[in-house]
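All remarks here apply to the structure that follows.
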Amino acid sequence: MKYYIYSVGKIREEFYLQGIKEYLKRLNAYISIELIDGLGEKISPTANNKEIEKAINKEGLKILKNISPSDLVILLDVEGKKLDSPSFADMLANYNLSGSKRVIFIIGSSHGVSLEVKNRADQIISFSPLTFPHQMAVLILAEQIYRGFKILKNEPYHK
């Protein structure tokens, strides 16, 4: 099984990139994982709702063309189900037993994702009702996946 993190935004700041790379490297002991970023469309700060919707739909097409029907798709969305770390670890264990070849986590833009992407998601989860910078959300996700596998293996780190 291979895990992917699809990030609409591009990881630009070096300190976020270093943290993400560190967790992805640590995760290699447990799973194969890859970050695919930069799937977003440029949206002007003065864009109107129609322009934003058009950009979100283009992003959705980019995301969906990289997903097969057999993939497990998990969308991170503020309105998703809230989990604690042990529950997230249990979710990862279930994915590993699912028989699917790929698990794809999707982090959309600050404007969200297209309805088509939401409808394709097998699960929608939320880490917090707080708003985070996009790059930080990717870092948090990478860390939580790592934490989840440490929990599953009963290895020290969780607390």
Long-range neighbours under 8 Å by Cβ, at least six apart or interchain, first residue farther than 21 Å from A89 by Cβ within region 56-76, second outside any loop (DSSP other than H, G, I, E, B) and at pLDDT below 95: I56/S109; I56/G112; E59/S109
Matching residues, region 107-125, being polar (S, T, N, Q) and at pLDDT 95 or above: S114, N119, Q123
Given the structure, is Q135 open to solvent by less than 60 Å² (accessible area, probe 1.4 Å), touching a Phe, Trp or Tyr at 6+ places or on another chain (Cβ under 7 Å), part of a helix (DSSP H, G or I) and modelled with pLDDT of 95 or more? no
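In this structure, is I125 closer than 29 Å to F15 by Cα, in contact with a Phe, Trp or Tyr (Cβ under 6 Å, 6 or more places away or on another chain) and open to solvent by less than 60 Å² (accessible area, probe 1.4 Å)?
Values: closer than 29 Å to F15 by Cα: yes; in contact with a Phe, Trp or Tyr (Cβ under 6 Å, 6 or more places away or on another chain): no; open to solvent by less than 60 Å² (accessible area, probe 1.4 Å): yes.
So I125 does not fit the description; no.
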Checked region 139-159 for anything touching a helix residue (DSSP H, G or I) at 6+ places or on another chain (Cβ under 7 Å) and either under 12 Å from M91 (Cβ atoms) or in a helix (DSSP H, G or I) (or both); matches are L139, A142, E143, Q144, I145, Y146, R147, G148, F149, I151, L152
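Residues that are within 28 Å of Y157 (Cα to Cα) and open to solvent by 50 Å² or more (accessible area, probe 1.4 Å): find the helices (runs of 4 or more DSSP H) completely inside region 1-113 holding 2 or more of those.
On the way: elements: 14-27, 49-64, 85-97.
Those helices (runs of 4 or more DSSP H) span 14-27, 85-97.
The values are calculated or read from the model by the stated rules, or taken from the named source; none is laboratory data. Given the structure is predicted, the values throughout are model-derived calculations rather than measurements. Don't worry about glycine lacking a Cβ; one is built from the backbone with ideal geometry, like all the others, and counts go over all protein chains shown. Accessible surface is based on the protein model in full, side chains and every heavy atom, while ligands, DNA and RNA are left aside. Shrake-Rupley method; radii C 1.70, N 1.55, O 1.52, S 1.80 Å.
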